[in-house]
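Just below is one structure, and these are the notes that go with it.
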Amino acid sequence: MKEAIRQAIAAGVSVGQLSDAMDELGLPQNAGGGYRLLGGRGGTVFGRAFTLKQELVTLGEASVTRQGEAALSLASAGDILVIDAGGNPGVATWGEGHSLRAQINGLNGVVLHGATRDARTLEGGPLPILCRSTTPVRSKGRFRTASVGEPVNLADVKVATGDLLAIDMDGIVCLPWELAREVLTKALKILKLENKRDINLREQATRRPYD
């Protein structure tokens, strides 16, 4: 599997091509968009998913959040931490401190079905973070961690810990580990066909006169 992922990264496979591969293989579609990408070094990022679910509580109610613990020690190096905060745009479940913990632990990225704060700092950082929104409002006293390592649903994209997750500027694709190699192989073939197509189209486009 590592070699298949390495080849996909080297070739520049996108989440769009992975989504197309699922379609062409007749697999249930498990991809989604509507995210903003902060940070990272470009290209598609792959990693095994590690999931965490947040729930709103009454302001001031006793609650415990574990996203910092998940970032620093519960997830493993190379994982992509996936936090389902119910898509809530008004409470930040992430920020600079959590990102630094994730970097210390060697995580490959973070997906937030919810909001982050410290966007300016995160945007210039090395860790790719896909978020639904940004807000200055902190999670302390507003969220509690409902589950760690259990399956989550990100606006109909189902993610389980151990799945192969791919993220880029277009969004996410989640692949069950046992199907990932087949999808990666198909996506590489799609990419090669698209590259040939686009070379021809670019040649035609450069010859077209413009007023």
_If Ser73 meets every condition in (1) in a strand (DSSP E or B); (2) closer than 30 Å to Met1 by Cβ; (3) out of contact with any Cys (no Cβ under 8 Å at 6 or more places or on another chain) apart from one, which number is that one?_
(1)
*Which residue out of Val13, Val64, Val45 is surrounded by fewer than 17 Cβ atoms within 10 Å (Cβ to Cβ) and of a type in the set (A, V, I, L, M, F, W, C)?*
Val64
_Candidate set from segment 118-143 (those that are modelled with pLDDT under 95 and of a type in the set (D, E, K, R)); member that is farthest from Gln54 (Cα to Cα)_ = Arg138
_Residue list for segment 74-89, filter: over 16 Å from Leu154 (Cβ atoms) and surrounded by fewer than 24 Cβ atoms within 10 Å (Cβ to Cβ)_ = Leu74, Ser76, Ala77, Gly78
*asked:* Looking at segment 109-127, I want the residues that are within 22 Å of Gly32 (Cα to Cα) and free of Cβ contacts under 8 Å to residues at least 40 places away in the same chain and have a partner that is hydrophobic (A, V, I, L, M, F, W, C) and in a helix (DSSP H, G or I) with Cβ atoms under 8 Å, at least 6 apart or on another chain. Which pairs are those?
replied: Val110/Ala71; Val110/Ala102
_Out of Ala10, Ala21, I need the residue that is free of Cβ contacts under 8 Å to residues at least 12 places away in the same chain and either outside any loop (DSSP other than H, G, I, E, B) or acidic (Asp, Glu) (or both). Which one?_
Ala10
*Please go through segment 58-87 and pick out each residue that is farther than 18 Å from Glu150 by Cβ and either within 17 Å of the chain's Cα centre (by Cα) or of a type in the set (Val, Ile, Thr) (or both).*
Thr58, Ala77, Gly78
*On the given criteria, is Ala71 free of Cβ contacts under 8 Å to residues at least 40 places away in the same chain, more than 13 Å from Ala115 (Cα to Cα), among the hydrophobic types (A, V, I, L, M, F, W, C) and surrounded by fewer than 22 Cβ atoms within 10 Å (Cβ to Cβ)?*
no
*Listed residues Ala102, Ala92; which is of a type outside the set (S, T, N, Q), within 26 Å of Leu175 (Cβ to Cβ), surrounded by 24 or more Cβ atoms within 10 Å (Cβ to Cβ) and modelled with pLDDT of 95 or more?*
Ala102
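Could you list all residues from segment 76-89 that are in a loop (DSSP other than H, G, I, E, B) and either over 15 Å from Thr116 (Cα atoms) or at pLDDT below 95 (or both)?
Across segment 76-89, the qualifying residues are Ser76, Ala77, Gly78, Asp79.
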*Here are some conditions: (1) free of Cβ contacts under 8 Å to residues at least 24 places away in the same chain; (2) of a type in the set (A, V, I, L, M, F, W, C); (3) touching an Asp or Glu at 6+ places or on another chain (Cβ under 9 Å). Ala62 meets all but one. Which one does it not meet?*
(3)
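The values are calculated or read from the model by the stated rules, or taken from the named source; none is laboratory data. These numbers were taken from a predicted model, which means no experiment stands behind them. So basically every Cβ, Gly included, is an ideal-geometry build from the backbone, and we count neighbours across all protein chains shown.
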